[in-house]
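The values are calculated or read from the model by the stated rules, or taken from the named source; none is laboratory data. Every value quoted in this text rests on a predicted model; they were computed, and no experiment measured them. Note that each Cβ is placed from the backbone with ideal geometry, even for glycine, and that neighbours are counted across all protein chains shown. Remember, those area values only see protein heavy atoms, side chains included, never the ligands or the DNA or RNA. Shrake-Rupley method; radii C 1.70, N 1.55, O 1.52, S 1.80 Å.
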Amino acid sequence: MSTKPSSSDPTSLLITVGSTLFPELTSAVLTRAFARILVDAGIKRLVVQYGKAKLPWELIMRLDLAVDALGQAERTVRPFDSDDGEDEREIHFQVKRFVDDFDGVVASVDAVISHAGSGSIMTALRNGKKLLVVPNTSLMDNHQAELADVLNAQGYLTVSSVDELYKAVPGWLALQDRLREFPQQDPTIFRRVVDEVAGF
Amino acid sequence: MDIALLLISIGSLPLLLALRIYLVLPAHSAAPSPRRKENETCSLGVFLGSGGHTAEMIALISTLDMTRYTPRTYVHCRGDDMSLRLVSAFESRQTGDPNNIHHLSLPRARKVGQGKLSTFQSGLKTLRVALWYTFLRPLLKDPSRPWVEVLLINGPGTCVVLVAVAWIRRIIGLSYTRIIYVESFARVTSLSLSGKILKPFVDVFIVQWPDAAGKGQAVFKTEPNKHESGNGVEEDKVQTDKTNKKSTVAMPTNGRVRYLGWLI
């Protein structure tokens, strides 16, 4: 497991909302416009784990995605392709409702855009991935945004919003190794507490 | 008249119960944990609260020496297959007798956003199941031992019921389950609802950000440990005896919130 942020320019990206419903994010990223931004930024492979959201109809129609019973689909698309255009640059789209091996998927990409769930944040940072967090502002008790903010202030990740996403992503992807390395788990702390309580 | 006397006696029962609960709160009665030999074992209960709660809990228990903590009982909420999958994957990496691994499925006490009345009703259902499996049945089997000796919880709602049932043995003076509550890493400046409710009733309450329980509420591992005494507040230093490896975590902090850094 690598702990350093990747130094080369990212070519693969995971967008994840965990087990939540966050249609504002998933709908914003599952568009041709966003695919163009990503292709311009050098991304060749995109994995979108969209959780409880419905896939936007526009995406299914325009990208001609065939979604299977598990809510998975993949396809290589040319987002700039038009009747008169000649731009044949491609991006491979993979959409999944949920992933079983989240750690493996995170490890397989260069960068992660995530909701503010602590699990997703930890997995991305512990795998040494460049991380952009988009808190779900529609949550009633939005303590998750606090976690993203404090980790942003400490230099571990970048925070953005759904509205700013299109503008923020190219700059974030181009960031070079400026983020702080996230500490690995200290296994002794909790063990000591439990051993003490148990009387060992 | 006798009736009046009877009414007064009955009326005073809740007061006596409240007094008893007050007296056995971890903040007042800090009975030291029973000492165990190196080769002894300790039964462990682990609550899996679903989603991020379960993920954090598995990260926590992955640091334990599981040869010590056996048998183990995992409590999950009915229908939460993800937690079952995660814990099965975790257990498949452990050595030891699979017969010592138990699962208890509880009806969910409160869904996020559920109203007060319906929370009360579903909570009663959870309470019935928890009463039988974590209090009565273990009591009939062996009255001298609690359901589990140590219980680990980190929210949400349903674990409140487990704590309530575990408190029965404490109130009537039997050997009881010691409870450790770990507030989520996601809680930076405020406690979760279950954290707020359970803080006075658990033996150890840990936060992962210094101000999660409010500014100045947490006892730091490296700072003076404030200890309430009968005559007021006195300061005593956390032991720093280098020969005693366990000294960095001064025990017990008697109902105080502890911050020990990130645990997951």
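For this structure, a couple of remarks:
This table checks each residue for (1) within 14 Å of chain A (Cβ to nearest Cβ); (2) crowded, with 18+ Cβ neighbours inside 10 Å.
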position: B:A4; (1), (2): no, no
position: B:L7; (1), (2): no, no
position: B:L16; (1), (2): no, no
position: B:R20; (1), (2): no, no
position: B:P26; (1), (2): yes, yes
position: B:E38; (1), (2): yes, no
position: B:Y74; (1), (2): no, yes
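- Qualifying residues in the stretch B:87-127 (those that are within 21 Å of the chain's Cα centre (by Cα) and of a type in the set (K, R)) - the one modelled with the highest pLDDT: B:K125
- Of all positions in the stretch B:146-156, at least one carries a residue that is out of contact with any strand residue (DSSP E or B) (no Cβ under 6 Å at 6 or more places or on another chain) and modelled with pLDDT under 95.
- Apart from one condition, B:P26 fits all of (1) in a loop (DSSP other than H, G, I, E, B); (2) touching a Cys at 6+ places or on another chain (Cβ under 7 Å); the exception is (2).
- Highlighted here would be helices (runs of 4 or more DSSP H) found entirely within the stretch B:78-143 that include at least 3 residues which are in contact with an Asp or Glu (Cβ under 6 Å, 6 or more places away or on another chain), touching a residue at least 40 places away in the same chain (Cβ under 8 Å) and open to solvent by 70 Å² or more (accessible area, probe 1.4 Å), but there are none.
- Count of the stretch B:167-194 residues, restricted to those that are more than 10 Å from chain A (Cβ to nearest Cβ), in contact with a strand residue (DSSP E or B) (Cβ under 7 Å, 6 or more places away or on another chain) and outside any loop (DSSP other than H, G, I, E, B), is 1.
- Complete set of residues in the stretch B:1-55 that are in contact (Cβ under 8 Å) with a residue 12 or more places away in the chain and aromatic (F, W, Y): B:F47
- Any chance B:I206 is closer than 20 Å to B:S83 by Cβ, within 14 Å of chain A (Cβ to nearest Cβ), open to solvent by less than 10 Å² (accessible area, probe 1.4 Å) and part of a strand (DSSP E or B): no
- Annotation note: Cβ proximity below 6 Å between a residue of the stretch A:175-198 that is more than 8 Å from every other protein chain (Cβ to nearest Cβ) and farther than 17 Å from B:W262 by Cβ and a residue that is open to solvent by 40 Å² or more (accessible area, probe 1.4 Å) and at pLDDT below 95 (sequence gap 6+ or interchain) occurs for A:D177/A:S7.
- Condition check for A:D87 on (1) under 12 Å from A:L14 (Cα atoms); (2) assigned to a loop (DSSP other than H, G, I, E, B); (3) touching a Phe, Trp or Tyr at 6+ places or on another chain (Cβ under 7 Å); (4) not polar (S, T, N, Q): one failure, at (1).
- Selected residue [at pLDDT below 90 and within 19 Å of B:W209 (Cβ to Cβ)] from A:D149, A:D141: A:D141
- Residue match in the stretch B:98-108 (condition: of a type in the set (S, T, N, Q) and more than 18 Å from B:G51 (Cβ to Cβ)): yes
- When A:K167 is tested against (1) more than 25 Å from B:W262 (Cα to Cα); (2) free of Cβ contacts under 8 Å to residues at least 12 places away in the same chain; (3) within 13 Å of chain B (Cβ to nearest Cβ), only condition (3) is not met.
- Residue match in the stretch B:146-166 (condition: more than 14 Å from chain A (Cβ to nearest Cβ), in contact with a Lys or Arg (Cβ under 6 Å, 6 or more places away or on another chain), aliphatic (A, V, I, L, M) and in contact (Cβ under 8 Å) with a residue 60 or more places away in the chain): no
- Among the residues of the stretch A:90-109, those that are away from every other protein chain (no Cβ under 12 Å), modelled with pLDDT under 95 and in a loop (DSSP other than H, G, I, E, B) comprise A:E90, A:R97.
- Whether a residue is without any contact (Cβ under 8 Å) to a residue 60 or more places away in the chain and either among the aromatic types (F, W, Y) or open to solvent by less than 10 Å² (accessible area, probe 1.4 Å) (or both) was assessed, and B:I180 passes this test.
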